[in-house]
Amino acid sequence: MNHQPKNSTPFRAVLYLILGLLIALTGCRTGGSDLPFFETFDEPGDWGVGEDAYSIGVIQDGVYDFKVLENDISRWASAGKVFGDGVYEVEATPVEGPLDNGYGLLFRADPNKGDFYLFKISGDGYAWIGRYRDGAEEATIIGEHWFATPAVTPGLNVTNKLRVQAEAGNLIFFVNDQEIGRVTDNTFTTGDVGLLVQTLGGAGVRVLFDNLSVRPLP
């Protein structure tokens, strides 16, 4: 892990927000979406997929297979839905690239503008929880920036489960069923759900996502 960027000033990824690339990877927003929503990636659905000079996103073999090809880039793909309160969950397995990376779940998103909450972890055992605005990190909402947590299982070819319980502005975050933080933030109230991969320590980060769901609050 390149610890200095994670523990000092916030990292702002180089983002290539080219219109054609956004159309390929963000999907098509629809009206309010019913719960529960389950995505096993056995069918394409409304997910954005595509390939460009910076990333490849494809649904195959029952997963969303997402690879970022250049360093210092965040790329995301979304479901084309609109949700508000609920329990958001996804399983993520990094399979290639350096462990100095970021991958995770975005929610209450306007992916075309690059506005959303983001819950991401790294292959070497860190987490980052905050908001993106206009395609870049706007603020962390738990901790000072990246923070180490034993809840994350580090390494390649290991699966971590990320879960967010969102009720109005009350947000609770879990990794592998262990709570790692909670906060009240009312910046975003509704929006899409999606996936993100970020390169930090080198190109070629590839993550497989599966079993994404948005369920009613308990």
- Task: Look through Arg206, Arg108 and report the one residue that is modelled with pLDDT of 95 or more, in contact with a strand residue (DSSP E or B) (Cβ under 8 Å, 6 or more places away or on another chain) and more than 21 Å from Asn71 (Cα to Cα).
- Result: Arg108
- Item | Subset of the range 35-51 (residues that are farther than 22 Å from Gly84 by Cα and surrounded by fewer than 16 Cβ atoms within 10 Å (Cβ to Cβ)) | Asp42, Glu43, Pro44, Glu51
- Task: Return the total of residues in the range 118-165 being under 19 Å from Phe209 (Cβ atoms) and part of a strand (DSSP E or B).
- Result: 14
- What tally of residues in the range 175-188 results from selecting those that are under 17 Å from the mean Cα position of the chain (by Cα) and touching a residue at least 60 places away in the same chain (Cβ under 8 Å)? 1
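Select from the range 182-218 the residues that are in contact with a Phe, Trp or Tyr (Cβ under 9 Å, 6 or more places away or on another chain) and either β-branched (Val, Ile, Thr) or not in a strand (DSSP E or B) (or both) and list them in ascending order.
First pass over the range 182-218, keeping only residues in contact with a Phe, Trp or Tyr (Cβ under 9 Å, 6 or more places away or on another chain): 182-183, 185, 187-188, 190-198, 200, 205-215.
The answer is Val183, Asp185, Thr187, Phe188, Thr190, Val193, Val197, Leu200, Val205, Val207, Val214.
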- Just a yes or no: is a residue in the range 74-94 of a type in the set (Val, Ile, Thr) and crowded, with 24+ Cβ neighbours inside 10 Å? yes
- Could you list, in sequence order, the residues of the range 80-105 that are under 19 Å from Ala151 (Cβ atoms), of a type outside the set (Val, Ile, Thr) and either part of a strand (DSSP E or B) or at pLDDT below 95 (or both)? Tyr88, Glu89, Glu91, Ala92, Pro94, Asn101, Gly102, Tyr103, Gly104, Leu105
- Query: Could you say whether any residue in the range 158-175 is surrounded by fewer than 19 Cβ atoms within 10 Å (Cβ to Cβ), farther than 19 Å from Ser33 by Cβ and out of contact with any Asp or Glu (no Cβ under 7 Å at 6 or more places or on another chain)?
  - Reply: yes
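The values are calculated or read from the model by the stated rules, or taken from the named source; none is laboratory data. In this text the structure is predicted, and so the values were computed from the model without any measurement. Glycine gets a Cβ as well: all are built from the backbone with ideal geometry, and neighbour counts include every protein chain shown.
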